[in-house]
Amino acid sequence: MEEDTDFRIRFSSLCFITDHVGFHGTIKSSPSDFVVIEIDEQGQLVNKASDEPIHKVNKILPVPNNLAKKTNLDPQNLSFDERSNQEVSTLAGCSGDDQNYEPGSEKEDTIEDGTSKGEEENIDVLGSLLDEKTNELLNRFACDVKEKWNSKTELIGPSSEFSLGRILDKNQRAILHSALRQKFPFLITVGKNSEIVVKPNLEYQELCHLVSEEEAFDFFKYLDAKKENSKFTFKPDINKDHRKAVHHFINKKFGNLVETKSFPEPNYAADNPKAVITVRFREKAHKPRKRSLHECQGRRVIYTAFTLRKENLEMFEAVGFLAIKLGVIPSDFSYAGLKDKKAITYQAMVVRKVTPERLKNIEKEIEKKRMNVFNIQSVDDSLRLGQLKGNHFDIVIRNLKNQINDSANLRERILEAVENVKNKGFVNYYGPQRFGIGRKVHTDQIGLALLKSEMVKAVQLFLTPEELDDPVNRAKKYFLQTEDAKGTLTLMPEFKVRERALLESLHRFGVTEEGCIQAWFSFPHSMRIFYVHAYSSKIWNEAVSYRLATYGSRVVEGDLVCLDEDIDDEHLPSSKVHLVTEEEESANTYAIHQVVLPVLGYNIQYPKNKLGKWYQEVLSRDGLQTCRFKIPTLKLNVPGCYRKILKHPCNLSYQLIEDHDIDVTKEGSHIDEATLSLLISFDLDASCYATVCLREIMKHDF
């Protein structure tokens, strides 16, 4: 596979379907020369302003009136310090540390009102279900536990637990369990034959060795409340080893219930970077029980749709930056397709667990990163890959000139080329950006390693440096030399979100086969599958070249053809794919634009001619002769699909313009020399590449 390491060699070997001469020119001289606008499933450009008003959050998650004034009790609506002040006040008299706490008078008044209501509820519950003496003994037991912890006394023997007695009513027991743990998060409750026994929460004590007691108090209240879609954030922490210890503790003790992520602290100083650990509940894998309509409305996940405009920015980098600013993780974002980096692109996105108002609040902040969000509105679900009709392109090709040794009129050459492709179409190759233009390691190489379950090799390929001396490549080079994930993290710039996510997992789990599997899970599913799709795309490109070189534009026996012109390639079922017979070949029943080729996967059929044999030889060459295109360890299944070998641009228009450059001659006289540029606009179906269409027009590899 050595010959595939240079993308120029790979793409110069691709075929053309048209026979015009073409011309030379430069694309993407600047991002504004290459504008990509997604076309949604209704055929509308997503950069158009939406007429729909922004929906308010209370239309999605109606809040009962009796809770409206208690929002300041929600830990997610308070700053860390406010949460700490509020909760620590409930421990007055039970902790020596808390007695020194002196909040500001203004904040104290506000929190006192809120706390009194929350505490009233706990006191009412405990007071109504426990007699006065038991309540008093419970409070004394709680204070004793705290005092022993503060004096470093071991909690052993019968005195380290307290019985509330037998509570026969099951519902009352459940209420007591919850109320007691909310009031005293440093205690746990255990049920024994209708008896409730209270014990010290040793995990609380262990966490207090890693974080402040205020943080531990808040965290265990958060954990016990089990509020769906809520998050808990620890204080910013500059010490990476310490953060690792906190991550390890929470994942070890509560990993089946919650997940943790580290994010850079917003507005951190460059010379003193800090990160915060955010905890959130894992989504339940099992099918939930049936709920009432009111309950479903109250528990529904928030989805906010928006249009993202980005300039000269990689899409995964943009998503990572948005995730940090919104306090979510990259996998909370969904989108219909990937977009070019060196371009101005507009695309639809949906983010989970973020309200429209919250997204609007970061508009100014993200402008510094050459991003804008608009058309913000509430929706019912996320997007899926391929959920678009196509893309519209507005492109400027500069520095136009004839091919070498071509003396024909340049304007005529351009007119001929554009009209030829407009009428005959272009070979529907996957574009070079799918594989990583000009990089030492291509995305398809990583995908092949994943398909062969070579997880360590895949990580090494991902972190292979380019021949450049910059911070990113110096960090990658250091990792390959040392496999020191922790040291590499100190070198890797903060904006490299994917690389840092992978390195943080490697630091936590180790650079082993199992550790690398865990590291790949730091990427969202859409990105993990992207690498596997890149390998399938590369093989498809090779297959088309072999097909056209072997049979040309003839439709031959054993070819696969599409029987339904209205179905998108990516969603073409096998029932709509037909195997051409000998009689149909002789009768010229089908045309070349109907021929499809399979994109590798477990649910496709191969052509029954020389091409079918070619596919098997290539899979054998790459060590995939027994591959089922399923990677259980990474939760990846690749069913495959079919793709037409030819496509046509739609709504194509173009215009030649003259750029006047002034040259100075030796004599000092000024001469205007006109340089031609081509402005061209067209629409392409989803998963088609404008650079591939331009390649066919210009007969020129980029």
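The values are calculated or read from the model by the stated rules, or taken from the named source; none is laboratory data. In this text the structure is predicted, and so the values were computed from the model without any measurement. In this analysis, Cβ positions are derived from the backbone assuming ideal geometry, glycine residues included, and neighbour counts consider all displayed protein chains. These accessible areas exclude ligands, DNA and RNA; they are computed on the full protein's heavy atoms, side chains included. Shrake-Rupley method; radii C 1.70, N 1.55, O 1.52, S 1.80 Å.
Given the structure, is Tyr606 within 33 Å of the chain's Cα centre (by Cα) and modelled with pLDDT of 95 or more?
Values: within 33 Å of the chain's Cα centre (by Cα): yes; modelled with pLDDT of 95 or more: yes.
Yes; evaluated as a whole, the condition is true for this residue.
Being at pLDDT 85 or above, β-branched (Val, Ile, Thr) and under 30 Å from Pro432 (Cα atoms) is the requirement here; does Ile39 meet it? Criteria met by Ile39. Asn402 fulfils the conditions (1) closer than 26 Å to Val497 by Cα; (2) in contact with a helix residue (DSSP H, G or I) (Cβ under 6 Å, 6 or more places away or on another chain); (3) surrounded by fewer than 17 Cβ atoms within 10 Å (Cβ to Cβ) except for a single criterion, (1).
The residue that is least open to solvent (accessible area, probe 1.4 Å), counting only those in the range 617-658 that are closer than 24 Å to Gly431 by Cα and among the polar types (S, T, N, Q), is Ser653. What do you reckon, is Phe232 closer than 30 Å to Gly487 by Cβ, open to solvent by less than 10 Å² (accessible area, probe 1.4 Å) and either in contact with a Pro (Cβ under 9 Å, 6 or more places away or on another chain) or not β-branched (Val, Ile, Thr) (or both)? Criteria met by Phe232. At least 3 residues being within 30 Å of His247 (Cβ to Cβ) is the threshold, and among the helices (runs of 4 or more DSSP H) wholly inside the range 492-599 those reaching it are 497-509, 513-520, 525-551. Note on the range 329-347: among residues that are crowded, with 21+ Cβ neighbours inside 10 Å and of a type in the set (A, V, I, L, M, F, W, C), the one that is nearest to Thr691 (Cα to Cα) is Ala343. When you scan the range 352-403, how many residues do you find that are more than 26 Å from Arg280 (Cα to Cα) and in contact (Cβ under 8 Å) with a residue 24 or more places away in the chain? Count: 24. The test for being acidic (Asp, Glu), over 26 Å from the mean Cα position of the chain (by Cα) and surrounded by 16 or more Cβ atoms within 10 Å (Cβ to Cβ) holds for Glu542.
Does Ser553 count as out of contact with any Gly (no Cβ under 6 Å at 6 or more places or on another chain), open to solvent by less than 40 Å² (accessible area, probe 1.4 Å) and in contact (Cβ under 8 Å) with a residue 40 or more places away in the chain?
Judged against the criteria, Ser553 is not a match.
The set of residues in the range 438-489 being open to solvent by less than 50 Å² (accessible area, probe 1.4 Å) and β-branched (Val, Ile, Thr) consists of Val441, Thr443, Ile446, Val456, Val459, Thr464, Val472, Thr488. Taking the conditions (1) among the β-branched types (Val, Ile, Thr); (2) out of contact with any Phe, Trp or Tyr (no Cβ under 8 Å at 6 or more places or on another chain); (3) surrounded by 19 or more Cβ atoms within 10 Å (Cβ to Cβ); (4) at pLDDT 80 or above in turn, Val145 satisfies each one other than (2). Within the set Phe254, Phe220, Phe263, the sole residue that is at negative phi, open to solvent by less than 50 Å² (accessible area, probe 1.4 Å) and modelled with pLDDT under 80 turns out to be Phe263.
The single condition from (1) assigned to a helix (DSSP H, G or I); (2) open to solvent by 40 Å² or more (accessible area, probe 1.4 Å); (3) in contact with a helix residue (DSSP H, G or I) (Cβ under 9 Å, 6 or more places away or on another chain) that Ile414 fails is (2). Remark: pairs (first residue in the range 14-34, over 26 Å from Lys341 (Cβ atoms); second residue at pLDDT 95 or above and part of a loop (DSSP other than H, G, I, E, B); Cβ separation under 8 Å; 6+ apart in sequence or on different chains) = Ile17/Gly425. Scan the range 420-437 for residues that are surrounded by 22 or more Cβ atoms within 10 Å (Cβ to Cβ), assigned to a loop (DSSP other than H, G, I, E, B) and either on the phi > 0 side of the Ramachandran plot or under 23 Å from the mean Cα position of the chain (by Cα) (or both) and the total you get is 2. Sub-7 Å Cβ pairs linking a first residue in the range 230-257 that is within 12 Å of Phe219 (Cβ to Cβ) to a second residue that is part of a loop (DSSP other than H, G, I, E, B) and hydrophobic (A, V, I, L, M, F, W, C), at least 6 apart or interchain, are Phe234/Val211; Val246/Leu210; Val246/Val211; Val246/Phe234; Phe249/Leu210, ordered by first then second residue.
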